[in-house]
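Working notes for the structure below.
Bear in mind these aren't lab numbers, they're just calculated from the coordinates by the rules spelled out. None of the values given here were measured: they were computed from a predicted structure. So basically every Cβ, Gly included, is an ideal-geometry build from the backbone, and we count neighbours across all protein chains shown.
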Number of protein chains: 2
Amino acid sequence: MVDSAARPKRRADAERSIARIVAAARELLSSDPNAKTDDIARAAGVGRMTLYGHFATRAELIDAAFVEALRAGDAVLSSVDLGGNARDAMARLLDSSWQVVAESAALLAAAEEVLPAGRVRELHEEPVRRMTELIRRGQDQGVFRTDMPLDWLVNVVHYILHGAASEVRAGRLAPSRAADVVTRSVQSVLACP
Amino acid sequence: MVDSAARPKRRADAERSIARIVAAARELLSSDPNAKTDDIARAAGVGRMTLYGHFATRAELIDAAFVEALRAGDAVLSSVDLGGNARDAMARLLDSSWQVVAESAALLAAAEEVLPAGRVRELHEEPVRRMTELIRRGQDQGVFRTDMPLDWLVNVVHYILHGAASEVRAGRLAPSRAADVVTRSVQSVLACP
DNA sequence: TCTAACGCGTACGCGTATGTACGAGTTATA
DNA sequence: TATAACTCGTACATACGCGTACGCGTTAGA
């Protein structure tokens, strides 16, 4: 179940079931991090036993859903043009990141609850690396500040992103304004003081 | 159990037990939001049945612990001088807020899980009001920006505060540097662009 | 000193969710 | 078409945690 390439002996219908289960898991866990395996199986249109045939534990299932969400997110973010002025590139990256983060916020919470902390960070490696590199480039260009640790700058961007997602979910921030306030806030934090 | 003044017929030893239970709840829930009532009773040095004698449900206990934490926090924050230049006042307020928030982050998570959302916001009314007023004053003085909703500005401060607390807890940010990066980050977000 | 309030242990009931065992029917694929 | 893989239902074993019932010993406080 770890990787589709790891077990080439799987039948086509099994492959299909797994895909549906993972998709259902992403869907449900993205709105309720406490969604039960039973609900997920039902939503996937398979029996609970079929699910357990492919995922030995709940944690394994969440891991798979999380990996899939990260993969999908990476597909979006890797297509963003990060060239040219770092400030402009950041605006473009945030614009895409915003939706990705908002969509999977609850799923992230579920993953953090059942997966070892190292695993979560390991899977976030790529998006973190992307953001880190961009900020570093901005520092080299002289448009981003250097008076705080680079790690903190990366993280504060994440916290603002997730914060905006929470506000939207709670109905206290209009979705249409979210991208704007996120961009303004982040650019202010990153700009040279 | 709601208020110490509500039932004047309580005996002194009961009063003492309740205080110890609430203190233990604050202590344990502040490091693990999933702490069990059993653990809390044991930590308080009372039997589980004694605990249930004073708090009918787990939610009621968490509410009491949360109220107590807010009360303690308010005692600290209300002593901060918010006069003069808003920018300087914000620095002072953040300096005190930082520890208060870090201490009770997990307890807040526990409260958000079992208490109705309205209750959590209701109890946060005072600290939110304090921060809101200060930012508004800064806007009037012309030192804080006005190009984003006031609510968002208040919330982004909270998210940065809680973010820093998470980083410290995870060992990725030195506690000694936390206050500094929080202040720098918040001031940058609030400053006129 | 008397009594209601309190402390507290044991045992129980209950709901929920995870994961297992068995077994029979169905379907992909060599 | 043979067979191994897959689906999936029922039933079961467990574990956990909340909250209750009962009951007896202790203590505060009028």
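Data table
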quantity	calculated
Mean shadow area of the range B:116-162, taken as a quarter of the surface of its Cα convex hull (nm²)	3.6
Size descriptor, Kirkwood hydrodynamic radius, that averages inverse alpha-carbon separations across the range B:92-193, Å	14.5
Cα centroid separation, the range B:60-77 to the range A:102-149 (Å)	33
Shielding score for A:144-156, defined as the mean number of other chain Cβ atoms within 10 Å	4
For the protein assembly as shown, with +1 on Lys and Arg beta carbons and -1 on Asp and Glu, the positive-most of B:V143, A:L108, B:A164 along the dipole	A:L108
Cα-based helix-to-principal-axis angle, B:175-190 vs chain B, degrees rounded to 10	50
Compactness of chain B as Cα Rg over 2.2 N^0.38 Å, two decimals	1.15
Rg over Rh [alpha-carbon atoms, Kirkwood Rh] for the range B:16-71	0.90
Residues whose placed amide H lies under 5 Å from that of B:F144, excluding near-sequence neighbours	B:Q139
Neighbour-count order for A:R145, A:R172, fewest beta carbons within 10 angstrom listed first	A:R172, A:R145
For residues of A:162-170, the mean tally of beta carbons on other chains within 10 Å	3
Vicinal HN-Hα couplings computed from phi for the range A:12-28 (Karplus, 6.51 cos²θ - 1.76 cosθ + 1.60; Hz; Gly/Pro x)	5, 5, 5, 4, 5, 4, 4, 4, 5, 5, 5, 4, 5, 4, 4, 4, 5
Residue-averaged 222 nm ellipticity for chain B, from DSSP H runs of 4+ at -39500 (n - 2.57), nearest 500	-23500 deg cm²/dmol
Highest-first arrangement of A:78-84, B:45-51, where packing means the average Cβ count within 10 Å	B:45-51, A:78-84
Charge dipole (debye, nearest 20) of the protein assembly as shown; +1 at Cβ of Lys and Arg, -1 at Cβ of Asp and Glu	480
Nearest-first distances (nm) between copies at B:R87, label 7 Å from Cα via Cβ	1.9
Inter-label distance, nm, simple model (7 Å from Cα along the C-beta direction), B:D74/A:D81	5.4
Ranking of B:S166, B:S31 by count of other Cβ atoms within 10 Å, fewest first	B:S31, B:S166
Under Karplus coefficients 6.51, -1.76 and 1.60, residue-wise ³J(HN,Hα) of the range A:39-51 in Hz, glycine/proline x	4, 5, 4, 4, 5, 7, x, 10, x, 4, 5, 5, 4
Distance cut-off 26 Å, percentage of C-alpha pairs in the protein assembly as shown lying past it	60
Selection from B:G45, B:S31, B:L82, by position along the positive dipole direction of the range B:12-190 (Cβ)	B:S31
Chain A: relative contact order in percent, alpha carbon pairs under 8 Å with at least 6 residues between	21
Whole-Hz couplings from phi, Karplus 6.51/-1.76/1.60, listed for the range B:99-116; x for Gly and Pro	5, 4, 5, 4, 5, 10, 4, 5, 4, 4, 4, 4, 5, 5, 7, 10, 9, x
Per-residue average of Cβ from other chains inside 10 Å of B:178-184	3
Spatially proximal lysines relative to B:K36 (Cα-Cα < 28 Å; intrachain offsets below 8 disregarded)	A:K36
A:A59 versus A:D88: modelled label distance in nm, points set 7 Å from Cα along the beta carbon direction	4.8
